[in-house]
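**Q** I'd like to ask some things about the structure below.
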Amino acid sequence: MNRRSNAVLDRQDTSWQPAGEVLHRLVLEAILKDNPIPLAYRINYVANFYVGPLVAQMEKRFKLTRPEWIVLFCLTQQSRLNAQLISMVTGRPKTSIASAVKQLQAKKLITRKTDIADSRRRVLYLTEAGRSLYKSILGSFVAREAEMLASLDPDERRQLMHLFDKIIKNARSWAKPY
C-alpha cells in the first residue's frame, strides 16, 4: 500500500469527537447521570470552577497563595482570630494555615499580638497593607460570584443561600478537621 492509502486507513480508525464545548457538556452529563454522590459532586464542581481561576490569577498577579487569602479573608470578617480558629472555621489543615500566617507576617500583611483578654493567646490583625491587598483582590471574587449566580433569579439565590446555611448549621455532625 502507498502512503496515501495508509493515511486514509489511519483516519478511518480514529474516532470522531465533537467540538470542545459540546464534548465538555456530554462528558459532564455522563458523569452527573446516576452519580452516587450527586450533590457533593455538584457542590465540588461549582466550587472548583469558582475558586480555581481566581486563585491562579491571585497567585500570578499578587503572589498570594490560597491559604494566605483564606487568612486575610477571615481576618476581614472577624478580627482577633488565631491560626487555630481560622483552621477550625475553614476546614483547612492547621499546618497550611500556620504556614500562611508566617508568610503573611513576613510580607507585613498581618501582625500577631498577645491577646489582652488572655496573655497565653496570640491573635492576628491585618495591617494597612493587608487590608489594601484584600480590597484589591476581593473585586474579582465578587464579580465571579455574580457571574456564577447569574442564571438564578433573586428568590432562587435566597433559597440557595438558605439551603447552604442549613447544611452549614448542621456541619458539626459531619465536618471534621483533617
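A short reminder: the numbers here are calculations on the coordinates, not readings from a lab. From a predicted model like this one, the values you see are computed outputs, not experimental measurements. Counting neighbours? That spans all protein chains shown, and the Cβs are built from the backbone with ideal geometry, glycine included.
**Q** If you average the C-alpha positions of segment 58-74 and of segment 79-102 separately, how far apart do those two centres end up, in angstrom?
**A** 13 Å
**Q** Ranked highest first by average number of other Cβ atoms within 10 Å, how do 133-142, 68-77 line up?
**A** My ranking of the peptides, most packed first, is 68-77, 133-142.
**Q** Grab the beta carbon distance between S119 and E59, set R0 = 45 Å, and tell me the FRET efficiency rounded to 0.05. Don't skip to the end; give the middle numbers.
**A** Values: r = 37 Å, r/R0 = 0.81.
So the FRET efficiency works out to roughly 0.80.
**Q** Separate question: Can you tell me, using C-alpha contacts under 8 Å and at least 6 residues apart, the relative contact order of the chain as a whole percent?
**A** 18 percent
**Q** Further question on the same structure: Could you work out [θ]222 nm for the chain from helices alone, using -39500 (n - 2.57) per DSSP H run of at least four and dividing by all its residues? Round to the nearest 500 deg cm²/dmol.
**A** Working: 8 runs with 120 residues, N = 178.
About -22000 deg cm²/dmol.
**Q** Right, next: Between N35 and K107, with labels modelled 7 Å along Cα→Cβ, what's the label distance in nm to one decimal, could you check?
**A** Label-label distance for N35 and K107, simple model: 3.2 nm.
**Q** Additional query: Percent of Cα-Cα pairs more than 22 Å apart in the chain, please.
**A** Summing the P(r) tail past 22 Å for the chain gives 62 percent.
**Q** Quick one: pull the percentage of alpha-carbon pairs in segment 85-178 with a separation above 21 Å.
**A** Percentage above 21 Å: 57.
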